[in-house]
Structures are given as structure tokens and as C-alpha cells.
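The values are calculated or read from the model by the stated rules, or taken from the named source; none is laboratory data. Worth saying up front: this structure is predicted, and the values here are computed from it rather than measured. Quick reminder, even Gly has a Cβ in these numbers, built from the backbone with ideal geometry, and neighbours come from all protein chains shown.
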């Protein structure tokens, strides 16, 4: 039985969950306390996998500390500890080939891995910034908007904890200035166009989901916690892909 260490409602952690479910592998989810999770992950034997994350051009203290300690998702099995979605995907692919996460053809695999890198390095952080910007401007929205959605309650299952910590500590680390928020929202249609093209080219959204699908969709699901961006998604293949892999809760 695999153990997957996560924090509640994390789009990065949901990517790993989708990969395990795609492989039809049973696993036990171990939830760590958000904001304490870098320390707790390290205590459970996980590192940050050598990643160096930034927010725009900044490396806030929270990220510097986390990148020096441990990260989630973290996969544990047979005494091994595997950190980061990139490493988890390769580990699962080596141990459990079918159904695959990566195409066999070298050219197709290269295209999928390019989108996977972009989703990890760019889209994942942009999704955090777009979503937390709304919470910092309207702290009461953290309790309301983060309560339920495609990823479940975001970061904390307790409503009071969401109300206190998301608009302050979490938003303090990730939320952009008003000017940067406007820029990110202005760039969102072009981002969705790019994803639509990848779907049209068959890199994303094929009959057999791949690792890039599982990296892209949770970040889009996080952005969709903001109701004001929903019209930008309407009628797009991108939204069809999100609905297919992470449907809205009933």
C-alpha cells in the first residue's frame, strides 16, 4: 500500500492523487497541517527534491524555508521516500507501466514533458497567485470561496482556519499586487488559448490521459475557485478537459 503525504485541497497534491488513481493503485492519504507541512514532511523523511521556487522574481521566506526542508506531495513505499510530482510520475511509470503516464513514442513524450514542465514551473504558481489575490482583497471570501470546489476545501478543512490563515500568511507569500493581479488575469485568456492548442494537437486531452493532463488540470481547477474567471473558460476545450478529469462536486 502506498502512502501519499498531502495537504488538503492542494492542486499539486491532487496531481499525484490523479496519477495514482490513473494507475489504479491503492493508497492511503496522510494529511499534514498546512504551513507546518515543510517541517512535517522533512520529519517523515521527505526533501523538497532540489526544487527552487519563486513568486515572480521573489523568493519569499516561506518558500525559501520550504525548499530547504520538505515538500508535498510525497510518496512513501517500502522504506523509500519520493518527493515532487516529476519524481513520483517517473517512479510510478517504472514500477507500473500500464496504463502509462507518458507516451512511448519519443516525439510525443517530449511534447508531453514540455507541457508538464510548464505546468509545474509556471502554471502552478500562477494559479496560486490568481486565487490568493482574491482572498487578500476580500478576507471574508476565503471562508466562502475556499469551502468547496473541485479540489475540496482549500488548505484547511476548518472554516475558521481558512478565514485566518489564507488571507494573511498564505496570501502574504503568494498574492500579487493589484497591478500584477490585473496582468495575470489579462494574460489568462492567452494561457487558455495555449492549452486549447495543446488539446487540439493531441498533447493534452487524448483518450489516454497523461502526466501533463494531471499536472495542468488541478491548477485550472484552483483558478476556477474564483467565480469571476469562469466566463473566460466557457465553451473552451480546456474547460471540457477540467470537467472530464476533475468534475465539479455534486
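Numbers below:
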quantity	calculated
Residue in region 222-231 that is out of contact with any strand residue (DSSP E or B) (no Cβ under 7 Å at 6 or more places or on another chain), at pLDDT 95 or above and more than 20 Å from residue 11 (Cα to Cα) present	yes
Residue in region 158-170 that is closer than 21 Å to residue 129 by Cβ, under 16 Å from the mean Cα position of the chain (by Cα) and surrounded by 14 or more Cβ atoms within 10 Å (Cβ to Cβ) present	yes
Test: residue in region 1-17 that is out of contact with any strand residue (DSSP E or B) (no Cβ under 7 Å at 6 or more places or on another chain), surrounded by fewer than 23 Cβ atoms within 10 Å (Cβ to Cβ), over 21 Å from residue 162 (Cβ atoms) and not assigned by TED's automatic domain parsing to the domain that holds residue 154	no
Qualifying residues in region 29-62 (those that are touching a helix residue (DSSP H, G or I) at 6+ places or on another chain (Cβ under 7 Å) and not in a loop (DSSP other than H, G, I, E, B)) - the one modelled with the highest pLDDT	38
Among (1) closer than 18 Å to residue 71 by Cβ; (2) in contact (Cβ under 8 Å) with a residue 12 or more places away in the chain; (3) outside the structural domain of residue 205 (by TED's automatic domain parsing), the one test that residue 100 misses	(1)
Of residues in region 173-201 being assigned to a loop (DSSP other than H, G, I, E, B) and touching a residue at least 60 places away in the same chain (Cβ under 8 Å), the one farthest from residue 54 (Cα to Cα)	201
Filter result for the condition that a residue is surrounded by 13 or more Cβ atoms within 10 Å (Cβ to Cβ) and over 30 Å from residue 97 (Cβ atoms), over 151, 224	224
